[in-house]
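One structure is given here, and the rest of the page talks about it.
No lab work stands behind these numbers, since they all come straight from the coordinates. Here the structure is a predicted model, which is why all the values come from computation and not from measurement. Cβ placement follows ideal geometry from the backbone for every residue including glycine, while neighbour counts extend to all protein chains displayed.
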Amino acid sequence: MAKPVFAETHAETFLLHGDEFLHTDASVTPPIPYAATFLAADAESFAGMANTERHPQYYTRYGNPLHERVAALIAELEHAESGLCFSSGMGGIAASFLALLKAGDHVVAQKNHYMATSKLLTELLPRYGVETTLVDQSDAGAFEAALRPNTRLIHVETPANPTLALTDLAAIAGLAQPRGILTSCDNTFASPINQTPRDFGIDLVMHSATKYMGGHHDITAGVVVGSKLLVDQIWHTAITLGATLSPMDAWLLLRGLRTLVMRVQRQNASALRLAQFLESHPAIGQVRYPGLASHPQHALAKRQMHGGFGGLLAICVKGGYADAARVIERLKVPAHAVSLGGVESLVVHAAAMWAGTMNDEQMRAAAIEPNMIRVSVGIEHVDDLIADFAQALD
């Protein structure tokens with residue numbers, strides 16, 4: 001893949017024009033090549049298409065022109081050489097793990113991960129002979145202590161879901177690189193506008209592009225970026241697993257990327273103001289947000305989240321489970337729904353969401369309190385959000 005033009009411009013300009021070198025016609029917005037398969041001019045051309053990794057016009061499970069455009073933009077945003085699209089974030093994570101790990105390998109990961117990632121690490125991979133050790137993500141020494149001679153991968157997620165705890169990316173890369181261990185980071189909650197893990201030495205960066213990148217709660221998509229060598233290796237497994245991003249969702253993802261910077265910057269600013277308001281409210285016991293000075297890892301957040309602190313916060317209402325549920329019911333602006341990162345604000349009762357996969361003891365160990373509400377801040381006017389939370393809490 002050629003290096004995108006406009007790569008030296010600001011992100012706002014790059015996301016609008018950085019894929020123009022892949023234009024195939026005179027349309028301002030790219031067409032949707034809704035084709036499963038593409039024509040070959042002759043036998044020689046067909047052989048070339050069939051034997052070119054990630055050819056964009058051979059068979060859509062192998063690649064698609066819109067996949068190529070999306071991957072080029074996101075790889076450049078994440079300061080990576082190459083990228084690969086998937087039908088969901090978990091499709092990308094699962095394909096990456098299965099491509100890079102084999103029976104007898106060992107993984108070190110943190111205790112707090114997206115639920116499906118945790119299941120992949122602790123339930124699915126062990127069935128194929130891959131062991132995982134889970135550690136406290138805030139303790140770099142715990143990662144080091146967990147390493148074994150057969151450790152192949154360290155996987156992290158920062159900020160973590162739903163506690164907003166952080167992992168020191170530079171420290172993790174510093175442990176892994178001298179030992180020849182691969183590192184991967186789920187960067188969904190931060191987005192590349194706020195954090196670029198590869199700048200700290202992380203090998204692979206994953207996203208649920210369903211969230212901030214898509215930005216409109218209307219697609220599921222995933223992206224993995226890294227070196228061309230690693231991404232090509234993952235592609236060979238991905239085409240077997242078949243988590244293929246549809247052309248329509250790829251087009252919608254490309255549309256979402258055009259406004260990513262503006263949306264994330266607005267969400268950063270609104271989330272900080274909302275967090276500051278809630279921290280001072282007498283009905284709130286705790287606010288977890290990396291941008292607050294009260295966050296125990298605020299100094300780390302300032303060091304590695306260069307663009308802002310994200311649009312997600314977790315609040316603990318004074319009282320218990322029922323009190324958090326009542327606040328959610330009284331809120332009028334945020335929708336009561338899972339997911340995050342879109343234009344509409346969303347709230348979810350964390351203990352209710354995790355109840356199907358964790359018992360009470362496991363939730364306590366993961367710092368998921370019964371009275372915790374996860375808030376994904378959208379692009380509504382922040383004064384309206386503050387007023388809505390005020391009435392719901394009062």
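Of Lys102/Lys211; Lys119/Lys211; Lys111/Lys302; Lys102/Lys228; Lys228/Lys302; Lys211/Lys302, which pairs sit farther than 27 Å apart, going by alpha carbon to alpha carbon?
Lys102/Lys211; Lys228/Lys302
Counting Lys and Arg as +1 and Asp and Glu as -1, what is the net charge of the other residues whose Cβ lies under 11 Å from the Cβ of Ala80?
-3
Would you mind calculating the relative contact order of the chain from Cα pairs under 8 angstrom and at least 6 residues apart, reporting the percent as a whole number?
Contact order relative to length: 16 percent.
Compute, for the chain, the length of the dipole vector about the Cα centre, with Cβ point charges of +1 (Lys, Arg) and -1 (Asp, Glu) only. Units Debye, rounded to 20.
The dipole magnitude comes to about 460 debye.
Output the direction-averaged projected area (hull surface divided by four) of the convex hull of the alpha-carbon atoms of region 67-198, in nm².
Its Cα hull, projected and averaged over all orientations, spans 7.7 nm².
If packing is taken as the mean number of other Cβ atoms within 10 Å per residue, what is the order of 298-307, 83-92, highest first?
Averaged packing, sorted descending, gives the order 83-92, 298-307.
If we sort 202-211, 234-243 on the protection proxy, mean other Cβ atoms within 10 Å, highest first, what's the order?
202-211, 234-243
Per residue, how big is the convex hull around the C-alpha atoms of the chain? Give it to me in cubic angstrom, could you?
139 Å³
Above 18 angstrom, tally the Cα pairs of region 176-267 and express them as a % of all pairs, no decimals.
Distances greater than 18 Å cover 51 percent of the Cα pairs.
Output wanted: per-residue J couplings in Hz (rounded whole) for region 130-137, from phi through Karplus 6.51 cos²θ - 1.76 cosθ + 1.60, θ = phi - 60°, x for Gly and Pro.
Karplus values, whole Hz, x for Gly and Pro: 10, 9, 10, 10, 9, 9, 5, 5.
With runs of 4+ DSSP H residues as the only contributors, calculate the mean residue ellipticity of the chain at 222 nm using -39,500 (n - 2.57) per run, divided by the residue total and rounded to the nearest 500.
Using -39500 (n - 2.57) per qualifying helix, the result is -11000 deg cm²/dmol.
Pairwise over distinct Cα atoms, reciprocal of the mean inverse distance: report the Kirkwood radius of region 51-103 in Å, one decimal place.
12.1 Å
Taking 8 Å as the Cα distance limit and 6 or more residues as the minimum spacing, I'd like the relative contact order of region 218-314 as a percentage.
25 percent
Hydropathy at least 0.0 by Kyte-Doolittle, axial extent at least 24 angstrom from the Cα trace: which helices of the chain, defined as entire DSSP H runs, fit?
Going by DSSP H runs, the hits are 260-279.
Counting Lys and Arg as +1 and Asp and Glu as -1, each charge on the Cβ, what is the dipole of region 28-119 about the Cα centre in debye, to the nearest 20?
Dipole about the Cα centre, nearest 20: 500 debye.
Check which residues have an amide H placed less than 5 Å from Thr196's amide H, if you skip close sequence neighbours.
Here the answer is His306, since their amide H atoms fall under 5 Å of that of Thr196.
Near Lys318, which lysines are there with a Cα under 24 Å away, not counting those fewer than 8 places off in the same chain?
Within the straight-line limit of under 24 Å, Lys318 reaches these lysines: Lys332.
Under the Karplus relation 6.51 cos²θ - 1.76 cosθ + 1.60, θ = phi - 60°, what is the ordered set of whole-Hz ³J(HN,Hα) values for region 180-191, x standing for Gly and Pro?
Computed from phi, the couplings for region 180-191 are x, 9, 6, 10, 9, 9, 7, 9, 4, 5, 8, 6 Hz.
Report the percentage of all Cα-Cα pairs in region 262-393 whose separation exceeds 19 Å, rounded to a whole percent.
The proportion of pairs with Cα distances above 19 Å equals 47 percent.
Seen from all sides and averaged, what is the projected area of the convex hull of the Cα atoms in region 195-340, in nm²?
11.1 nm²
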